[in-house]
Amino acid sequence: MSRTTSRREFRVQTRMRGGYDGAMMHDVQLQVAATGAMVWAQTFSDHDQALQFEEQVEDDLDHLDAEAFRSKYGVPSTT
C-alpha cells in the first residue's frame with residue numbers, strides 16, 4: 001500500500017508584517033493546496049523561531065500521511 005504525504009493537500013506560506021513599536025511579525029500559515037484557503041496561522045516575533053517552526057511543518061508535510069499530519073497540527077478532517 002502506497003502512503004501519500006500531506007504535501008498534496010497542504011502548503012506552508014510565510015508572511016512578514018509590522019507589529020507594535022516597529023517590531024516585525026512572522027506569520028507561518030498552513031493553507032489548503034487546492035484553494036489557498038488558510039487553515040491556521042502561527043505568529044512569531046522572533047525570525048529564528050518562525051523559521052524553525054516553518055521547517056518542522058514543511059518536513060512533516062513531506063513525511064507524515066494526511067491523518068497523522070491532521071492529528072499533529074489539529075486540522076479538522078473537513079478541511
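Quick check on my filter: what residues within the range 39-69 are without any contact (Cβ under 8 Å) to a residue 12 or more places away in the chain, more than 20 Å from MET24 (Cβ to Cβ) and under 11 Å from the mean Cα position of the chain (by Cα)?
Across the range 39-69, the qualifying residues are GLN56, ASP59.
Would you list the strands (runs of 3 or more DSSP E) that sit entirely within the chain and hold 3 or more residues that are touching a strand residue (DSSP E or B) at 6+ places or on another chain (Cβ under 8 Å) and open to solvent by 40 Å² or more (accessible area, probe 1.4 Å)? Let's see the steps before the verdict.
Working: elements: 10-18, 24-32, 38-44.
Counting at least 3 such residues, we get 10-18, 38-44.
The values are calculated or read from the model by the stated rules, or taken from the named source; none is laboratory data. All figures in this text were calculated on a predicted structure; none of them were measured in a lab. Glycine gets a Cβ as well: all are built from the backbone with ideal geometry, and neighbour counts include every protein chain shown. SASA here: full protein model, heavy atoms, side chains in, ligands and nucleic acids out. Shrake-Rupley method; radii C 1.70, N 1.55, O 1.52, S 1.80 Å.
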